[in-house]
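Participant: Pasting a structure below so you can have a look.
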Amino acid sequence: DESATAAIKMVELDNLLGGGPVQHREDQGEESDLFRSYFSSGIRYLPGGVASGFHHVDPDAVEKKLFQVKGKRNVRVRQVNLHVSSMNKGDCFILDAGKEIFVYVGKNSKRTERLKAISAANQIRDQDHAGRAHIHIIGKEKLLGYVNQFLCCIACLKTYDCKLILQTVVTLYHVSDASGEMIMDKVGEKPLHQDMLNSTDCYILDTVTSGIFVWIGKQCTKDEKLEAMKLAEKFLVTNTYPVWTKIQRIVEGGEPSTFKQYFSGWRETEDQIGLGRVFALEQIAASIPEQDFDPSSLHAGELHSLAKSGCKAVGFMPDDGSGAFKRFYVENLELVPVNHTFFFGGDSYVIKYTYEKNGHENCIIYFWQGQDSTPDEKAESEIHAFRLASELGGKAIQVRVSQGNEPHHLLRIFQGSMVVFLGGKASGFHNSDGHDTSDDSPRLFQVRGTNHNNMKTVQVPEVASSLNSDYVFILKDRKVTTPENSDYESNVWVGKGTSAEEKEMALKAVNYVAPGLPIRIINEGEESAKFWNVLGGEGEYKSGYDGQGTPLLVPRLFHYHVSPAAKLRVEEISHFKQEDLDEDDIMVLDSRDEIYVWVGNKASQDERQLSMKMAEEYLKSDPTDRSHELTLIFIVKQGDEPASFTSLFPSWDPSLWEVCGV
């Protein structure tokens with residue numbers, strides 16, 4: 001009755017507030033991280049209810065109680081049976097003996113857990129004993145004469161430590177009463193699209209491991225609104241889900257990022273529609289210091305400009321790119337130096353970049369993996385990057401780069417000279433200057449960028465479908481197609497959606513892919529028959545910007561560490577701040593555009609070696625349509641965080657760990 005009344009009152013309150021709030025259902029002991037984050041001092045469970053709860057409290061009354069402290073940030077303090085068998089070596093416990101309060105720190109507990117247990121003991125002292133009790137911190141060396149029993153006992157309580165479960169099935173269901181009775185039909189599975197949602201109906205999104213979402217359309221009927229939550233509860237019963245499975249009710253137009261992340265495309269209300277004037281990155285951020293540049297603050301039209309340039313991680317800009325770099329490619333599992341700026345899609349590369357900042361030399365290790373590179377080459381590039389970083393004391397930032405997802409800083413290093421060719425080294429150029437004159441076949445290149453700081457040139461298949469009205473292309477071909485004539489020319493095809501800056505950059509790119517050749521400008525719509533013949537005939541190609549973008553998601557922080565039983569333990573941290581970074585372990589920060597793996601100074605060697613694996617496993621479990629092979633991954637060390645990482649926190653104090661101690 002009390003549970004049903006709470007649900008009814010929740011609906012009444014929701015109606016009073018206009019139907020806009022997101023509703024969450026929580027169960028004792030299974031509260032979500034978001035719910036627990038609102039209680040900074042932790043949640044303490046006490047037995048009884050209203051009848052036993054309202055009575056006079058005597059702070060001098062002595063009733064021994066044993067509490068188990070669970071969690072490292074948003075803690076839960078639960079009273080357990082006053083017996084040694086209730087304890088284990090992995091958690092912290094509080095023994096309230098009246099005037100004396102003992103805090104037992106388990107042998108395998110971490111520093112953060114110990115601090116939270118002490119904080120919870122202080123709260124018990126102040127709230128239950130008017131501040132008059134004494135607190136004693138009990139370590140593994142002594143505890144009431146039977147320390148061995150405490151340290152050797154086996155935990156018998158339920159734990160919440162587990163691997164992330166791969167979310168292989170995310171399903172959307174349609175709820176409607178159009179036929180006169182409530183019917184729930186399956187709409188589709190991952191990947192989902194925004195146009196699957198109709199404003200006149202209600203939907204249930206089953207995320208398998210993250211609970212149930214009930215989506216309410218703006219124009220759905222009153223009965224559908226009222227019945228949607230009930231159907232969600234019936235859905236849990238039908239699918240034999242635990243009773244504590246999370247249910248969230250959301251309305252159209254007020255979707256949180258946790259809901260939008262399950263859709264491969266999400267059109268924001270301010271998105272640009274169609275082609276139009278775009279602006280260079282430098283024009284957008286002219287008055288913004290590079291180290292503080294936050295792409296999430298831009299409007300959709302400006303984000304479109306960034307997307308056209310092909311830049312990733314635009315906020316990661318440790319310097320102006322004028323430092324020194326050495327470049328290697330992986331051959332026979334070894335690193336071979338190269339002295340040009342050409343990349344091949346069938347190879348993997350390692351770039352060691354050094355620069356000076358604040359009087360100290362810093363280093364970034366990029367490992368670039370071509371889309372057709374072999375798994376062994378990709379693995380070796382990662383191993384060599386880790387080795388180079390280890391030789392530098394582990395302070396170098398490691399960045400995994402997949403072809404087509406180059407960070408803005410990497411492009412800036414090459415100053416517009418980066419060219420990516422199809423194939424591997426064996427199919428590459430034969431001349432020492434990097435330009436091949438022995439291949440008579442035409443070549444088509446796409447130019448992406450609006451200035452020399454973000455430009456790259458990429459070879460694409462020589463077919464009409466490779467063209468795009470949003471870009472400029474270079475087609476290298478013979479002037480006259482006769483066996484006797486070996487003269488070539490560069491056709492610069494200018495799409496209707498491009499800007500003058502992009503056209504200017506394309507003319508400069510010709511110097512890298514076809515130096516010295518005459519140039520012919522071809523505007524979209526003015527192509528000759530010869531032009532189409534080279535591309536295998538006229539055909540369809542992308543002719544406009546569809547405005548469908550990825551959802552603008554809030555950053556998410558996850559705490560990873562390997563337990564004494566060699567199991568990977570994962571916990572998401574809501575409303576995170578710098579103090580949540582645990583120097584004993586590994587943290588994964590998801591900013592949507594890239595993944596940061598933060599390595600604490602006291603993380604174990606096993607955890608350090610698994611850092612890249614942790615990020616990849618996280619991406620595999622990601623419900624969005626991101627590829628775990630293509631997403632940018634940064635590995636940063638405690639104390640050497642780039643501004644693009646620190647800017648994701650509400651505030652950042654570089655000296656925090658110096659004054660905190662352990």
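Participant: Sorting CYS220, CYS92 on the 10 Å Cβ count, fewest up front, what's the list?
Facilitator: On the way: CYS220 22, CYS92 26.
The order, fewest Cβ neighbours first, is CYS220, CYS92.
Participant: Report ³J(HN,Hα) in whole Hz for each residue of the stretch 497-504, in order, from the Karplus equation J = 6.51 cos²θ - 1.76 cosθ + 1.60 where θ = phi - 60°; Gly and Pro get x.
Facilitator: Values, residue by residue: x, 8, 9, 4, 5, 5, 5, 4 Hz.
Participant: Provide the FRET efficiency to the nearest 0.05 for the LEU630-GLN127 pair, computing r from the beta carbons and using R0 = 56 Å. List each step's numbers first, then the result.
Facilitator: On the way: r = 51 Å, r/R0 = 0.92.
In this case the efficiency is close to 0.65.
Participant: Collect residues whose amide H, placed 1.01 Å from N in the peptide plane, falls under 5 Å from the amide H of ILE101; neighbours closer than 5 in sequence don't count.
Facilitator: Amide H neighbours of ILE101: HIS134, ILE135, HIS136.
Participant: Follow-up question, since we're still on this one. Which whole-Hz couplings ³J(HN,Hα) result when phi for each residue of the stretch 637-646 is put into the Karplus expression 6.51 cos²θ - 1.76 cosθ + 1.60, θ = phi - 60°, listed in order with x for Gly and Pro?
Facilitator: Result, ordered by residue: 9, 3, x, 10, 6, x, 5, 5, 7, 5 Hz.
Participant: Let me ask something else. Report the FRET efficiency, 1/(1 + (r/R0)^6), for THR238 and ASN523, where r is their Cβ-Cβ distance and R0 is 56 Å, rounded to 0.05. Write down the numbers at each step before the final one.
Facilitator: Working: r = 60 Å, r/R0 = 1.07.
My answer for the efficiency is 0.40.
Participant: Same structure, new question: Please compute P(r) over all alpha-carbon pairs of the stretch 556-660, binned at 10 Å starting from zero, and give each bin as a whole-number percent.
Facilitator: With 10 Å bins starting at 0, P(r) equals 14, 51, 31, 4, 0.
Participant: Can you list residues from other chains, or at least 5 along the same chain, whose modelled amide H is less than 5 Å from the amide H of ILE521?
Facilitator: Those qualifying (amide H under 5 Å, at least 5 residues apart or on another chain) are VAL492.
Participant: Right, another one. Tell me, what HN-Hα J-couplings in whole Hz come from the Karplus equation 6.51 cos²θ - 1.76 cosθ + 1.60 at θ = phi - 60° for each residue of the stretch 505-521, using x for Gly and Pro?
Facilitator: Couplings: 5, 5, 5, 6, 5, 4, 5, 8, 9, 8, x, x, 8, x, 10, 10, 8 Hz.
Participant: Same structure, new question: Report the percentage of all Cα-Cα pairs in the stretch 369-415 whose separation exceeds 12 Å, rounded to a whole percent. Write down the numbers at each step before the final one.
Facilitator: Details: 732 of 1081 pairs.
Across the stretch 369-415, Cα pairs with separations above 12 Å total 68 percent.
Participant: What Kirkwood hydrodynamic radius do you get for the stretch 164-260 when you take the inverse of the mean 1/r over all pairs of distinct Cα atoms, in Å?
Facilitator: About 13.6 Å, per the Kirkwood formula over Cα pairs.
Every read-out reported here was derived from the displayed coordinates using simple, explicitly stated rules and does not represent laboratory data. In this text the structure is predicted, and so the values were computed from the model without any measurement. Positions of Cβ are generated from backbone atoms using ideal geometry, with glycine treated the same way; all protein chains shown enter the neighbour counts.
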